[in-house]
Every structure is written in structure tokens, then in C-alpha cells.
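One structure is given below, encoded as C-alpha cells.
The values are calculated or read from the model by the stated rules, or taken from the named source; none is laboratory data. Owing to the predicted nature of the structure, the values given are computational and were not obtained by experimental measurement. Here the Cβ is made from the backbone with ideal geometry for all residues, glycine too, and neighbour counts use every protein chain on show.
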Ligand SMILES: [Zn+2]
């Protein structure tokens, strides 16, 4: 089980890495911050978004943009 979890997180990190090179710098910064907050708070609960909004007041805009990029990139690279 431990091995399975580790490899799943590796796949996830590689996917994020491949995805990030298509993004503008401010969205990369946002993703890094988002991932760092997950170290403190695993789930997307109210506390999570509270921490995010402390640094990114317009985080909903960034999330929406990421979503758009995600579709665009996954079509291009066939993820
Ligand atoms: Zn998240």
C-alpha cells in the first residue's frame, strides 16, 4: 500500500510538472502555493481556501484559469 501511494504521488507530480511548462509564471506561482498549502491542509475545505485567499485574494480567477489551461494542455499533449 505504501508503495502504491508513493507511485501515485509520483505520477501526480510528473503530471503537474509536464503541465506547468505551458503555464504563465503567475499561475505556476499559484500552483506552487496551492501545493504548499496542501502540506498544512490536505482537503479543499474552508480553512484551505482561507489560507489561499490570504495570499491570493482573486484565487477563484486563478483556479478557473488553471482549469481552462488544463483542458487546453491535455488536448495538446494527450494526457
Ligand atoms: Zn488542491
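Considering every residue within the range 51-59, establish whether at least one is over 17 Å from residue 17 (Cα atoms) and in contact (Cβ under 8 Å) with a residue 24 or more places away in the chain.
Let us first name the residues in the range 51-59 that are over 17 Å from residue 17 (Cα atoms), namely 51-59.
Then keep just the ones that are in contact (Cβ under 8 Å) with a residue 24 or more places away in the chain; that gives 56, 59.
Among the residues of the range 51-59, at least one is over 17 Å from residue 17 (Cα atoms) and in contact (Cβ under 8 Å) with a residue 24 or more places away in the chain, which makes the answer yes.
Which of the residues spanning the range 61-79 are in contact with a helix residue (DSSP H, G or I) (Cβ under 9 Å, 6 or more places away or on another chain) and not in a loop (DSSP other than H, G, I, E, B)?
Within the range 61-79, the subset in contact with a helix residue (DSSP H, G or I) (Cβ under 9 Å, 6 or more places away or on another chain) is 62-63, 65-66, 69-70, 73-74, 77, 79.
Hits for the range 61-79 are 62, 63, 65, 66, 69, 70, 73, 74, 77.
Take the range 32-44 and flag every residue that is surrounded by 13 or more Cβ atoms within 10 Å (Cβ to Cβ) and more than 9 Å from the ligand (Cβ to nearest atom).
33, 41
Identify the residue in the range 53-67 that is under 20 Å from residue 13 (Cα atoms) and modelled with pLDDT of 90 or more and, among all such residues, is farthest from the ligand (Cβ to nearest atom).
Going residue by residue through the range 53-67, those that are under 20 Å from residue 13 (Cα atoms) are 62-63, 65-67.
Cutting the leftovers down to modelled with pLDDT of 90 or more gives us 62-63, 65.
Details: 62: 12, 63: 9, 65: 15 Å.
Selected residue: 65.
Counting only residues that are surrounded by fewer than 12 Cβ atoms within 10 Å (Cβ to Cβ) and assigned to a loop (DSSP other than H, G, I, E, B), how many does the range 20-31 have? Spell out how you get there, then give the answer.
In the first step, residues of the range 20-31 are kept if they are surrounded by fewer than 12 Cβ atoms within 10 Å (Cβ to Cβ); the result is 21, 24-26.
Okay, now just the ones that are also assigned to a loop (DSSP other than H, G, I, E, B), so 21, 24.
Counting residues in the range 20-31 that are surrounded by fewer than 12 Cβ atoms within 10 Å (Cβ to Cβ) and assigned to a loop (DSSP other than H, G, I, E, B) gives 2.
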